[in-house]
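Data block below; observations after.
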Amino acid sequence: MKINKGFKAWNSPYLFQEMEDIIASFSQEARREIISLGIGDPDLPTPAGIRSAMQTEHRNCYHGYPSVQGRQDLREAIAAYYRSRFNVKLSPDEILIGLGAKTDLFDLCTVFANPGDYAALLDPAYPVYCDSLSYRGQNIHFLPGTDANGYMPELDVSKMANGDLALIYMCYPNNPTGAMATPDYLQTMIGHAKNLGAMVVFDIAYADFTPGNLDSRAFSIFSLPGSEATGIEIGSFSKPFSMTGDRISWVVIRNPEAREYWKRYRSNRDSGASNYDQAGALAALTRDDVKAQVRENMDIYGKRVKTLMDGLTALGWPCSGLDNTPYAWIRSPIPDSREVAGRILKEARVMVTPGVGFGPGGEGYIRATIFQPENRLAEAVERIGAMDFRV
Ligand code: PLP
């Protein structure tokens with residue numbers, strides 16, 4: 001048997017296996033006590049207006065292959081969303097409905113890079129970018145994000161021979177750090193992409209996740225000059241609308257040649273999102289009752305943010321990120337994030353994610369989500385507070 005060498009390049013699956021091994025060693029009772037602040041999966045229900053739109057469509061629609069590009073009405077609704085949300089005028093033809101942002105992000109480097117090419121990648125970052133590049137025999141040029149650079153690391157173009165760099169992956173609001181970039185920073189990356197013949201992938205999966213209904217500073221790459229030729233933007237219905245299981249997203253590509261290649265690839269890879277998932281997505285963007293429910297959910301998330309922040313601050317654990325995302329990015333009390341996450345799981349029965357799972361730059365941090373009710377979050381912090389981290 002031959003195994004793709006890319007599996008050796010990255011340690012995140014083995015890292016999560018370690019957490020699972022710890023859980024496997026627990027008694028049934030201990031397992032029931034676990035409070036998971038691990039996976040970023042919204043726990044509040046999908047708004048009723050989305051569910052009823054999907055149910056109606058499921059009952060009535062043709063269950064054959066949908067259009068790969070996606071329904072016209074949904075693409076028009078996304079174009080209208082871009083106009084009102086980002087002041088960006090798109091044609092519905094520039095939008096492709098996807099089967100979840102993860103799937104699209106995983107595959108972009110098949111179309112827009114070759115084996116041996118380089119991709120510049122934020123470190124730490126959502127692990128899918130890194131894995132997808134490794135499996136395709138592509139090289140990674142890490143851009144280390146730190147408190148000092150505000151998680152907006154520079155790309156040292158002197159290290160990039162012209163033609164070597166195929167992709168620059170950017171994600172703001174960011175998972176796992178919760179950081180938000182300035183438009184100027186993205187503008188610089190667009191300039192580099194143009195000069196080096198690369199494309200910029202901009203992942204805005206968290207643009208509308210606004211705990212406490214705070215004004216979001218999220219923006220579209222297409223609000224920036226020069227992005228038409230080099231920008232690829234990925235949006236997702238998963239987090240703001242609690243639709244993670246529905247697998248629906250969008251990709252905007254304005255460059256006609258790039259779009260044609262992506263379409264051709266998509267028509268071989270999959271057959272489009274189901275008509276009923278698309279009906280749910282349409283309801284998410286257009287129904288007032290859904291908008292009201294999302295606002296209510298964000299208010300609930302806002303209260304949880306306060307509970308988690310207050311708790312961690314009282315423990316003396318510095319954290320950031322919760323203004324823009326569901327994630328607290330917490331400086332861990334001991335440098336080895338795997339060790340600290342393992343101990344928190346064993347001793348406090350609380351699951352958090354070790355920062356190193358998001359890349360070498362995540363070492364020294366842990367990530368905790370707000371996807372638990374307020375009382376459970378408070379209890380998680382209390383349990384962690386009862387631990388002794390003195391070395
Ligand atoms: N992009 C980022 C940064 C994410 O954190 C996630 C999921 O956690 C995704 C994309 C995937 O979103 P989807 O559920 O649409 O696949």
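Would you mind estimating how fast the chain diffuses translationally, via Stokes-Einstein at 37 °C and 0.692 mPa s with the Kirkwood radius over Cα pairs, in µm²/s?
Here the translational diffusion coefficient equals 151 µm²/s.
Between region 272-317 and region 80-159, what is the C-alpha centre distance in whole Å?
Using only Cα atoms, the two centres lie 24 Å from each other.
For the chain, give the share of DSSP beta bridges that are antiparallel, in percent and rounded to the nearest 5; count only bridges with both residues there.
That works out to approximately 45 percent antiparallel.
Connecting C-alpha atoms closer than 10 Å in a GNM of the chain, tell me which of Ala229, Ala284, Ala292 has the biggest fluctuation.
Comparing Ala229, Ala284, Ala292 in a Gaussian network model of the chain, the most mobile one is Ala292.
Mind grabbing the base-10 log of I(q)/I(0) for region 279-371 at q = 0.19 Å⁻¹? Debye formula, identical points on the C-alpha positions, no solvent, two decimal places.
Relative scattering, expressed as log10 I(q)/I(0), comes to -0.87.
Please work out the Cα convex hull volume for region 246-290 and give it in Å³ per residue. List each step's numbers first, then the result.
Details: hull volume 3.6 nm³, N = 45.
For region 246-290, the hull spanned by Cα atoms encloses 80 Å³ per residue.
Order the peptides 49-56, 244-251, 174-181 from the highest to the lowest mean number of other Cβ atoms within 10 Å of their residues.
Details: 49-56: 19.2, 244-251: 20.9, 174-181: 24.8.
Top to bottom by mean Cβ count within 10 Å: 174-181, 244-251, 49-56.
In square nanometres, what is one fourth of the surface area of the convex hull spanned by the alpha carbons of region 327-391?
Average of the hull's projected areas for region 327-391 equals 4.1 nm².
Using 0.36 nm times the number of residues separating Asp388 and Arg59, minus their current alpha carbon distance, what extension gain do you get?
On the way: separation 329, 0.36 × 329 = 118.44 nm, distance 5.56 nm.
Residue separation times 0.36 nm, minus the Cα-Cα distance, leaves 112.9 nm.
How big is the dipole moment of the chain about its Cα centre under a simple scheme where the beta carbon of each Lys and Arg is +1, that of each Asp and Glu is -1, and everything else is neutral? Debye, nearest 20, please. Provide the component values of the computation, followed by the final result.
Details: 40 positive and 46 negative charges, 105 e Å.
Its charge dipole is roughly 500 debye.
Once Rh is set to the Kirkwood radius over Cα pairs, what Stokes-Einstein translational diffusion coefficient, in µm²/s, holds for region 1-85 at a temperature of 10 °C and a viscosity of 1.306 mPa s? It would help to have the intermediate numbers written out before the result.
Numbers: Rh = 18.7 Å.
The diffusion coefficient I find is 85 µm²/s.
Keeping the other protein chains in place, figure out the carbon and sulfur percent of the accessible area of the chain, with a 1.4 Å probe.
Details: 8680 of 16970 Å².
Exposed carbon and sulfur together represent 51 percent of the surface.
For region 89-95, in order, what is each residue's ³J(HN,Hα) by Karplus, 6.51 cos²θ - 1.76 cosθ + 1.60 with θ = phi - 60°, in whole Hz (x at glycine and Pro)?
9, 10, 8, x, 5, 8, 10
Using a 1.4 Å probe, what is the accessible area per residue for region 1-91, in Å²? Please report the intermediate quantities before stating the final value.
Values: 5850 Å² over 91 residues.
So region 1-91 comes to 64 Å² accessible per residue, rounded to a whole number.
Pick out which of Gly70, Gly355, Gly197 has the largest mean-square fluctuation in a Gaussian network model of the chain, springs linking Cα atoms closer than 10 Å.
Ranking Gly70, Gly355, Gly197 by mean-square fluctuation puts Gly197 first.
Taking the chain as a Gaussian network, where each spring joins two C-alpha atoms under 10 Å apart, which residue of Gly212, Gly272, Gly316 fluctuates the most?
With Cα springs under 10 Å in the chain, the top fluctuation among Gly212, Gly272, Gly316 is at Gly316.
More than 19 angstrom separation, counting every C-alpha pair in region 263-331; what % is that?
Cα-Cα pairs of region 263-331 separated by over 19 Å account for 59 percent.
Pop the C-beta distance of Arg264 and Ser158 into the FRET formula with R0 = 45 Å and round what comes out to the nearest 0.05.
Approximately 0.80, to the nearest 0.05.
How much accessible area per residue does region 255-374 have, in Å², with a 1.4 Å probe?
It amounts to 40 Å² per residue over region 255-374.
Using only helices, what value at 222 nm comes out for the chain when you add -39,500 (n - 2.57) per DSSP H run of length 4 or more and divide by the total residues, to the nearest 500 deg cm²/dmol? Let's see the in-between values first.
Values: 13 runs with 158 residues, N = 391.
Helices in the chain give a 222 nm mean residue ellipticity of -12500 deg cm²/dmol.
Rg and Dmax in Å for region 38-137, alpha carbons only: what are they?
When restricted to Cα atoms, region 38-137 yields Rg and Dmax of 17.5, 48 Å.
The values are calculated or read from the model by the stated rules, or taken from the named source; none is laboratory data. Note that this is a predicted model, so its numbers are computed, not measured. Note that each Cβ is placed from the backbone with ideal geometry, even for glycine, and that neighbours are counted across all protein chains shown. With ligands, DNA and RNA removed, areas are computed over all heavy atoms of the protein, side chains included. Shrake-Rupley method; radii C 1.70, N 1.55, O 1.52, S 1.80 Å.
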